[in-house]
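I have placed the structure first, in the form of structure tokens, so that the comments after it can refer back to it.
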Amino acid sequence: MSEKISRRDFLKLASVGAATTAVLTGCGPASRYVTREPYTKMPEYTYNGLSTYYATTCRECAAACGLIVRTMQGRAIKVEGNKGNPVNLGKTCARGQATLHGLYNPDRVENPVQQGRAKNFATEAMTWDAAVQVVADAFKNNDPSEIGFLLGMAPDHLFDLVSDLAKSVGAPAPVRFGVLSMFESRATLSKAAENLLGQSGMPFFDVGGSDIVLSFGANFLETWLSPVAYTRGFAKLRRGDPKHRGYFIQFESRMSLTASRADEWIPILPGTEGLVALAIGRLVAEAKGGAVPRAFASVDPAAVATQAGVSLEKLEHAATLILDAQHPLAIPGGAALGQSNGLFTAEAVLAFNALLDNFNQTGGVYLSPLAPNQDEYHRPASAQEMTDFIEKMKSGAVKVLFVHGVNPVFELPKSLGFAEALASVPQVISFATFPDETALASDYIFPDHHGLESWGYQRVVTGTTQSTLSGAQPVVSPYFNTRATADVLIAAAQSAGGKFAEALPFADEVDFIQSKLAGLVGQEGSFLAPEINTFAAYFQQHGGWWKKDAETQVITASNALSKSLKVAPAEFAGEGEFYFLPFVSPTLAEAGANKPWLQELADPTTTVMWNTWVEINPETAHELHLENDDVVKIISEAGEVEAPVYVYPAIRPDTIAMPFGQGHTAYGRYAQGRGANPADVLGQHFNEAGDLAFAGMRVKVEKTGVKKILSRLESRIGVYGEGMGEEH
Amino acid sequence: MTVDLNKLHAVGAIAEEAEGKWGMVIDQDLCTGCQACVAACAMENNIAFVGEEDAGYGRSMHWIRTERFWEGEYPEVRMTDYQPMLCQQCGKAPCEPVCPAFATVHSQAEKINLQVYNRCVGTRYCANNCPYQVRSFNWRDYQDSRIRPEITILANQFNPDVTVRRRGVMEKCTFCIQRIHKAQDKAKSEGREVEDGEFTTACAQACPASAITFGRIDHPESLVSQLARMPHTQHHLEELGTLPSVTYLKGA
């Protein structure tokens with residue numbers, strides 16, 4: 001890496017070859033090695049009337065969908081999907097589309113600031129030199145063991161850089177957390193795979209290759225793991241075979257967006273999903289003949305049906321459909337795993353797949369391949385591990401904490417006490433792009449660029465059977481006075497000297513990224529490049545590098561069926577007549593609330609915009625004398641929260657549900673002071689894999705007497721007699 | 001080229017010349033209601049967001065929305081398929097004859113309903129007469145930075161190919177006419193016809209389930225024509241004689 005080739009030089013060289021136009025589209029406008037040119041030779045992105053397109057990676061969640069961003073005269077205009085990227089194949093979700101409202105958001109952190117943990121956002125700018133000095137001093141003045149790094153689920157290159165830094169200087173490895181992974185119960189899923197299959201990793205469920213899908217709470221059409229890839233799978237399930245339309249059954253206590261697309265929605269009692277899976281498994285095993293495998297031997301389908309509140313005929317019907325199918329598939333996920341017995345549920349559903357002989361099969365279950373520059377699967381921290389980290393912060397063992405890409409003050413349940421723990425850390429430095437709750441509680445905010453202004457890469461954890469590394473490059477120059485966090489850390493490490501400087505011997509972020517890509521040079525894949533500069537240019541142009549063929553980790557599940565599963569009933573914390581079901585808003589997810597067009601999107605099932613609601617069954621609402629828009633107080637053992645009622649026809653009478661995503665006390669004008677956060681009423685209860693038992697709470701509901709009219713896209717006329725006059 | 005569109009079931013075309021007609025097929029069995037189309041449409045077409053209060057008054061400006069209806073009561077309750085609803089680009093459009101300013105007119109070239117913003121005087125007769133309720137009216141200057149200062153930054157994202165609308169103007173889905181024209185110009189400069197699938201509308205491009213297909217319905221071999229000939233097709237409110245250009249596919 002001693003000789004740097006300038007971007008212009010590279011283009012000149014490349015223009016000799018045949019692939020000129022293709023290469024032109026591949027280089028970012030903010031490329032680091034730009035030489036001065038006369039005005040008569042304008043760069044390609046400033047031609048009037050012509051759009052330039054850049055490939056990059058979406059940062060709205062960690063699924064690593066590839067994007068092609070249309071830019072015009074240095075402004076990002078429209079997000080389109082990258083057709084080459086194996087995860088999304090040219091498609092995007094609503095959040096990916098609205099990422100531009102994050103880029104051009106009026107409430108970004110525009111300069112490095114000394115926040116000083118003030119309640120209001122500090123706006124007096126610091127210089128970046130002073131900011132780098134603050135970070136360098138934090139490195140020098142603390143023992144490495146007292147430095148803490150808390151990172152989000154994206155981007156991976158920063159995680160690698162911080163991991164390398166921490167390892168070299170003897171600091172604890174960075175803690176990684178994302179609230180989507182908490183609601184997905186990722187730790188439970190991988191622990192179940194480990195217990196049952198002897199291999200840890202992220203299972204991938206091939207919905208597209210299947211012809212009947214039984215989903216036990218998995219909300220795979222919403223925010224689960226890799227929503228665009230799973231939605232494509234769903235489309236293939238329905239229309240992949242023109243002669244046979246795939247069938248889909250969802251077991252879930254509330255009709256989610258995913259359940260609303262199912263042919264059958266079966267509202268079973270929360271916490272009985274694992275038992276139901278075993279019961280159907282037993283019916284299938286008995287019908288197939290031979291000995292019933294040990295995992296299913298002890299379960300009594302009739303008793304389970306009574307316990308789950310479903311008729312035995314429905315379970316028998318599901319078993320019949322499975323017996324007739326070529327590729328039946330069962331998926332565990334969502335709130336079913338966020339129970340005290342979540343690990344049992346995940347194991348039961350995986351055992352059910354073993355019974356159906358589904359591992360390594362089309363329409364079955366794979367272990368997702370590792371990404372190209374990955375040695376092993378790193379799962380994000382579970383809520384239990386975050387609690388341990390919070391204890392460590394409280395004990396004073398963390399003297400300085402760096403936070404990037406995550407907002408735990410908002411995301412973690414209040415009862416875990418993250419905000420209090422943060423207050424006991426002497427110095428907190430945030431790299432937030434937006435003034436979120438955690439950033440405001442920090443001493444400094446040194447804002448990172450927005451994802452569309454950033455270099456980087458993201459590993460594909462699941463969603464495709466091709467091993468994929470999705471690449472990111474800036475599609476526009478930074479709009480504000482922000483700086484890449486990787487660059488700040490590199491500069492600070494070099495300023496701190498000693499071990500720190502040795503740990504990061506890089507000129508800048510791009511230099512570091514190229515060092516991580518070096519191992520892929522000369523490998524067969526989506527493209528082949530003989531040396532690193534060519535590789536890096538193609539990596540930008542294609543939006544990443546992936547293997548051409550499917551490549552999964554082979555599962556050896558020979559003893560999955562012989563294990564007897566520890567059947568555990570779900571325990572519910574607290575008192576109250578209702579089970580409480582928080583779910584991630586399908587349109588906002590965890591960080592969409594500051595994007596105005598995401599707020600204006602109608603929630604798919606309720607059509608509510610710009611607010612939070614509580615879903616209550618019509619009959620229950622009638623008994624409690626509740627109507628639409630009555631504000632109720634939800635009280636759990638951990639806290640209380642208020643939100644207006646939405647009388648929802650498709651939820652169990654003993655369950656109430658509330659979307660997660662609103663209720664910010666900071667995070668810009670579109671998010672702040674809007675709606676309520678269901679995490680406020682969640683308690684400290686975990687399942688055996690350490691994931692939060694977020695669906696294992698009982699709550700009371702109290703009418704407050706206040707009304708708050710929810711803005712809905714649907715008409716209210718005629719709904720439950722509203723607007724129909726007194727006679728109705 | 002003369003094609004008998006009645007034989008192709010491209011019903012929306014029978015009231016007019018077929019040549020050049022664009023159409024859409026939406027597979028409701030695939031739609032998951034995820035709103036990607038709505039967000040993509042808003043970003044492509046500079047559609048204003050109106051905020052919570054105005055949205056509550058029904059003033060939100062979605063050019064496409066996903067409708068859903070409930071059937072039955074718990075526990076036998078069922079949600080109907082999501083139904084993406086957008087301007088049906090009617091062959092005989094009820095909105096057209098009622099406009100006193102000739103702001104909503106029929107295009108000869110693309111066979112779609114145009115909305116001429118600088119002719120519109122805001123009588124809202126067209127929205128009143130639209131059976132699909134897909135027209136939205138600019139009740140305020142939502143995108144004027146003198147009224148909403150934050151637009152100064154957000155406006156960086158505006159698509160320069162699409163007009164930013166002012167208060168008092170009606171608007172609706174245009175079948176992304178700017179994309180149609182761009183593709184036609186490109187094809188013309190290269191001396192060829194626009195190929196099927198060469199470009200598509202913003203909603204179809206984003207849709208993760210590929211439920212939306214767009215193309216020429218006067219070309220019998222185009223994908224959209226082939227899909228429109230499938231069984232289980234439906235045209236919404238066709239009993240009104242609107243001759244819609246959007247065909248819906250129902251589940252099996």
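A short reminder: the numbers here are calculations on the coordinates, not readings from a lab. Fair warning: this is a prediction, and the values are worked out from it, not measured in the lab. Here Cβ is always computed from backbone atoms with ideal geometry, including for glycine, and neighbour counts include all displayed protein chains.
In this label model, residue A:50 and residue A:300 are separated by 7.7 nm, measuring between points 7 Å along each Cα→Cβ vector.
Only helical runs count toward this figure. For chain B, summing -39,500 (n - 2.57) over DSSP H runs of n ≥ 4 and dividing by all residues gives -4500 deg cm²/dmol at 222 nm. Relative contact order, whole percent, for chain A stands at 18, derived from Cα pairs under 8 Å and 6 or more residues apart. Looking at the protein assembly as shown, the DSSP beta bridges with both ends there are about 60 percent antiparallel.
Measuring nothing but how far apart in sequence close Cα pairs (under 8 Å, 6+ apart) lie, relative to its length, chain B scores a relative contact order of 31 percent.
Averaging the Cα positions of each part gives two centres, and for the stretch A:506-583 and the stretch B:179-252 these lie 36 Å apart. Calculated FRET efficiency, residue A:700 to residue B:150, Cβ-Cβ distance, R0 = 56 Å: about 0.90 to the nearest 0.05. In summary, the lysines within cross-link reach of residue A:243, defined as a Cα separation below 25 angstrom excluding same-chain residues under 8 places away, comprise B:7, B:250.
Peptide packing for A:271-280, A:590-599, A:623-632 was compared via the average number of neighbouring C-beta atoms within 10 Å per residue; ordered from the highest value, the list is A:271-280, A:590-599, A:623-632. Of the peptides A:306-313, B:209-216, A:62-69, the ranking by mean beta-carbon count within 10 Å, highest at the top, reads A:62-69, B:209-216, A:306-313. The residue A:567 and residue B:105 beta-carbon pair, evaluated with R₀ = 51 Å, returns a calculated FRET efficiency of approximately 0.15. For the stretch B:108-185, which GluC sites (Glu not before Pro) pass both filters: DSSP loop (anything but H, G, I, E, B) and at most 16 other C-beta atoms within 10 Å? For GluC sites (Glu not before Pro) across the stretch B:108-185 that sit outside H, G, I, E and B with at most 16 neighbouring Cβ atoms in 10 Å, the list reads B:150. Please give the FRET efficiency for residue B:190 paired with residue A:575, using the beta carbon to beta carbon distance and R0 = 60 Å, rounded to the nearest 0.05. Result of the calculation: an efficiency of 0.25. Each peptide among A:172-185, A:218-231 gets the average number of other Cβ atoms lying within 10 Å of its residues, and from highest to lowest they stand as A:218-231, A:172-185. Placing unit charges on the Cβ atoms only, positive for Lys and Arg and negative for Asp and Glu, gives the stretch A:183-367 a dipole magnitude near 360 debye about its Cα centre. Pairs over the 31 Å Cα-Cα cut-off, from the set A:91/A:516; A:78/B:111; A:140/A:516; A:236/B:186; A:191/A:288: A:236/B:186. Left without a cysteine partner by the 4.7 Å Cβ rule in chain B: B:31, B:34, B:41, B:90, B:99, B:120, B:130, B:176, B:207.
Helix A:383-394 versus the longest principal axis of chain A: what angle, 0 to 90°, nearest 10, using Cα atoms? Taking the Cα atoms of chain A, the angle to A:383-394 is about 60 degrees. Taking square-rooted eigenvalues a ≥ b ≥ c of the alpha carbon gyration tensor, is the stretch A:183-367 rounded, prolate or oblate, where a/c under 1.5 means rounded and, failing that, a/b exceeding b/c means prolate? Rounded, since a/c falls under 1.5. Helices in chain A, meaning DSSP H runs of at least 4 residues, each add -39500 (n - 2.57). Divided by all residues, the mean residue ellipticity at 222 nm is -8500 deg cm²/dmol. Per residue of peptide A:616-623, the mean number of Cβ atoms on other chains within 10 Å of the residue Cβ is 1. For the segment A:82-94, counting C-beta atoms of other chains within 10 Å of every residue's C-beta and taking the mean gives 3. Seen against the Cα atoms of chain A and their longest principal axis, helix A:312-324 is set at about 60 degrees. Ranking A:345, A:204, A:319 by Cα position along the charge dipole of the stretch A:183-367, where only Lys, Arg, Asp and Glu carry charges on their C-beta atoms, puts A:204 farthest toward the positive end. Since only A:374, A:529, A:244 are under comparison, the one whose Cα sits farthest along the positive direction of the charge dipole of chain A, derived from C-beta charges on Lys, Arg, Asp and Glu, is A:529. Against the main long axis of the alpha-carbon atoms of chain A, helix A:186-197 sits at an angle near 70°. Close amide H contacts of residue A:248 (hydrogens built in the peptide plane, cut-off under 5 Å, sequence separation of 5 or more or a different chain): A:213, A:263, A:264. Length available on full extension from residue A:499 to residue A:624: 0.36 nm per residue minus the Cα-Cα distance, which gives 38.5 nm. About the centre of its Cα atoms, the protein assembly as shown shows a dipole size close to 2040 debye [charges on the beta carbon of Lys, Arg (+1) and Asp, Glu (-1) only; nearest 20 debye]. Residue by residue, the stretch A:432-443 carries 3J(HN,Hα) couplings of 5, 7, 10, x, 8, 4, 5, 5, 5, 8, 9, 6 Hz when phi is fed to the Karplus relation 6.51 cos²θ - 1.76 cosθ + 1.60 (θ = phi - 60°); x denotes Gly or Pro. DSSP finds beta bridges in the stretch A:183-367, and of those with both partners inside it, around 25 percent are antiparallel. Along the axis of the charge dipole computed for the stretch A:578-721 (Cβ charges of +1 for Lys and Arg, -1 for Asp and Glu, origin at the Cα centre), the listed residues A:695, A:675, A:656 are led at the positive end by A:675.
Close amide H contacts of residue A:527 (hydrogens built in the peptide plane, cut-off under 5 Å, sequence separation of 5 or more or a different chain): A:546. Peptide B:209-218 has a mean shielding of 2, counted as Cβ atoms of other protein chains within 10 Å of each residue's Cβ. Working from label points 7 Å from Cα in the Cα-to-Cβ sense, the residue A:316 to residue A:374 distance is 4.5 nm.
Which of rounded, prolate, oblate describes the protein assembly as shown, given a ≥ b ≥ c as roots of the alpha-carbon gyration tensor eigenvalues and a/c under 1.5 marking rounded, otherwise prolate only if a/b is larger than b/c? It is rounded, given that a/c, with a ≥ b ≥ c, falls under 1.5.
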